[in-house]
Structures are given as structure tokens and as C-alpha cells.
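Each remark here refers to the structure printed beneath this line.
The values are calculated or read from the model by the stated rules, or taken from the named source; none is laboratory data. What you are looking at is a predicted structure, and each value in this text was computed from that prediction instead of being measured. Here the Cβ positions follow ideal geometry from the backbone for every residue, glycine too, while neighbour counts run over all protein chains shown.
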Amino acid sequence: MNDIDREIESDIKFFDASEDTAYEKKEGDVYILAIESSCDETAAAIVNNGREVLSNIVASQIDVHKIYGGVVPEIASRKHIKSINPVIEEALLSAHTSFDDIDAICVTYGPGLVGSLLVGVGEAKAIAYAKNKPLVGVHHIGGHISANYIEHKDLKPPFVCLVVSGGHTNIVEIKDYGEYRIIGRTRDDAAGEAFDKVARTIGLGYPGGPKIDKLARDGNKDAIKFPRGHVDGAEYDFSFSGIKSAVLNYVNGCNMKHEEYNKADIAASFQEAVVDVLVTRTVKAAKELGYDKVVMAGGVACNGALRAGMDQACKEAGLELFYPSPVLCTDNAAMIGVAGYYEYMKGVRSDYTLNAVPNLKFE
């Protein structure tokens, strides 16, 4: 058995974000079985009426991939195959439900890693066919935005949302449930990707976002003036390749001169530059478009400096701010169940030709 096979055989780690409560399905309730496998988390959830999470099970692969300094697609796919059935069984068990209680199967079909997506899509189609249940394909980013509806019961569109993760950085106008218009996007690296690359540059390892966030608390955010990327003619767009290169050049310059550098200062200064552009452009977009609510979604929405910076800026601008708890910012199936519920209620249905779309657009 090689090293990869040993990792695949490691124990599945389950994280259930719901309360252990017995539920009784009432007349009119709509139960969604949601499946998420877009990257390196195998997840299943039972969601009632688009707002109530009965179970939210996540099998984490982070201990596998951190050995390699990032997500290895083949390992992720094989791990999903091992985990998908136990995760779904645990979601049903934790919610005290069975397939007979389920009204629809909702699954992420893109964007993401194609091998990972195929596991979830294949599983969802098999269950839908075997149990004669409606099938609904869900956009992964729509899921991240919808995570906010779980804890903020009164939150309703329209609003402006900053979606910020390892693969995406967008400012999105949410006109209605499932109706989106991107008004700002990254032209190169996503913010989360930049965090991972900078963390690797200064020797912090993977995943980079939480490590930089923690180290930055001990640093001086004004120690180094890293650039804020701008895109001519696109005031809401982002570019993070420049700051990534600036950090690398700074570290290489110090090494060539045999000068020591303070990792905490680099982390704090880098994070400050990224947070600055994310906050200012999102708040500007909300004000200029006439919205009074700002929402954040995605894994980087867990970042402490981003939350604090956005909170202060929104208060100064008279805007309400919403974001999910950390467990709902990262990839999970509850958010897919919420997004899928609103698609299902609008009459959206997918047939058995539903396929993984790794580069699925969001417009």
C-alpha cells in the first residue's frame, strides 16, 4: 500500500453543525437532501423549508491534503468515493429521517474539481432515480450566498454580497432568490488563493488563510506598504496577483541581502492590503447601487480582519452587515440545500443528463 492509499484509508472525520433534535415532518414541510462535493469536503445535509437545518454532515479531508501543501484532485476524488455513502447515511440518521421523507435531491454540479463534482452528481442522480425523487442541480456559489439565510431568518433579497473564497472573489447583486448579477470580479487570483500562496512563501503551510489570520494578530499592519490592485475601467474588479508578487519579491530581496524579515509583519501588512480593497469596493458598490444591506459569503468570510473591517465600514456607511458562522462559510451541504430549496420551489428540475461543470459560470 502506497502513501496515498494509506491516506485514503484514514478515518472519516464528521462534523455535524446542527442540533441533535428529533423532528416531526408537518404537512407542507419540504425536506431537501443536499449533497456537496465540489472540492475536498464530502458533505450531506437535510434542510426543511429552506431555512431550518436538520443535519449538516461534513467529512473533512484537510489532514490528507495539508501533507501535500494543497488539494490534490485525484486524492480528493477517491476520498469522496469512500465518504459519500456514510456521510449521507449520517445526515439522514442525525435528522431522524429516511429517503421516504425527502421531497427532492439537490446537488452541487459546478464549479469545482471535475472528479470531485462527479462523485456527488453521480450519487444524487442514483438516489433520485432509485427513489423516484426530483433532482435539482445547484450552483456552488449560489450555495455560499444562501448560507446566510440559515442563521439570519429575516434576511431577504435584494442586497449586495461579497463572495470571497479560495476559488472566487466576486461582488454580486442579489436581485431575488437565485437571481444574481456579478458587478465585480477578480481578474486573476482569488483572495483565498492569494492567502494560500503568501502563506507558502513565508513558510506557514496549508491552509494559508487561517494561518495568516492568526499570525497577523502579532504583526504591524502598517509595517510594509503592499500594493492595492486596481483594474482600469472596472472600479469594482479585483487583482491580487500584484500583491502576491510583491510579497514574494520582498522576501526574496531580504534573503538576497541576508536581512531578517518579520513574518508577522508580512502577514499583517498583506492581510491589511487585501481587506482594504475587499471592504472599500464592496461598500462602494452597495452605496452606489442604492442597497442598505451587505452580505459576505465563502471561506475567506471567516477572516477576523475582514469581518472587523467590513463591520466598521458598514456602520460608518449606515449599512446592515450579515455573514454566516465559520462552519457555514466553508464548504457544506446545508447551504446547497437552502439554495436548492428556492430553485425547487420555482419549479427548476434537472434530468439524468445533469453533469459536472467544473467551470460553471455564475451569470
Check: Is it the case that the stretch 238-246 has a residue that's crowded, with 19+ Cβ neighbours inside 10 Å, within 30 Å of G143 (Cα to Cα), of a type outside the set (A, V, I, L, M, F, W, C) and under 19 Å from the mean Cα position of the chain (by Cα)?
Finding: no
Next item on the list: Return a yes/no flag: does the stretch 206-213 have any residue that is assigned to a loop (DSSP other than H, G, I, E, B), surrounded by fewer than 19 Cβ atoms within 10 Å (Cβ to Cβ) and of a type outside the set (F, W, Y).
Entry: no
Checklist line | Tally of residues being touching a Gly at 6+ places or on another chain (Cβ under 8 Å) and either under 27 Å from V327 (Cα atoms) or in contact (Cβ under 8 Å) with a residue 60 or more places away in the chain (or both) across the stretch 218-238 | finding: 2
Checklist line | Residues of the stretch 73-105 classified as free of Cβ contacts under 8 Å to residues at least 60 places away in the same chain and not in a helix (DSSP H, G or I), total | finding: 1
Next item on the list: Could you check the stretch 303-363 for helices (runs of 4 or more DSSP H) lying wholly inside it with 3 or more residues that are modelled with pLDDT of 95 or more and surrounded by fewer than 23 Cβ atoms within 10 Å (Cβ to Cβ)?
Entry: 304-317, 334-345
Next item on the list: Test R217 against the stated conditions and say whether it is out of contact with any Asp or Glu (no Cβ under 6 Å at 6 or more places or on another chain) and within 17 Å of L204 (Cβ to Cβ).
Entry: yes
Check: Applying the selection to the stretch 107-136, what residues are within 22 Å of K175 (Cα to Cα), within 18 Å of the chain's Cα centre (by Cα) and buried (at least 24 other Cβ atoms within 10 Å of the Cβ)?
Finding: T108
Next item on the list: Kindly indicate whether any position in the stretch 259-276 is in a helix (DSSP H, G or I), under 17 Å from L321 (Cα atoms), among the hydrophobic types (A, V, I, L, M, F, W, C) and in contact with a Leu (Cβ under 6 Å, 6 or more places away or on another chain).
Entry: yes
Check: So which residues in the stretch 21-63 are of a type in the set (A, V, I, L, M), at pLDDT 95 or above and more than 27 Å from N355 (Cα to Cα)?
Finding: L54
Checklist line | Residue, farthest from A95 (Cα to Cα), within the stretch 41-71, restricted to residues that are part of a strand (DSSP E or B) and of a type in the set (D, E, K, R) | finding: E41
Check: All but one of (1) among the aromatic types (F, W, Y); (2) under 19 Å from the mean Cα position of the chain (by Cα); (3) modelled with pLDDT of 85 or more hold for F14; which doesn't?
Finding: (3)
Next item on the list: Report, by residue number, each residue of the stretch 156-167 that is surrounded by fewer than 24 Cβ atoms within 10 Å (Cβ to Cβ) and either on the phi > 0 side of the Ramachandran plot or touching a residue at least 24 places away in the same chain (Cβ under 8 Å) (or both).
Entry: P158, F159, G167
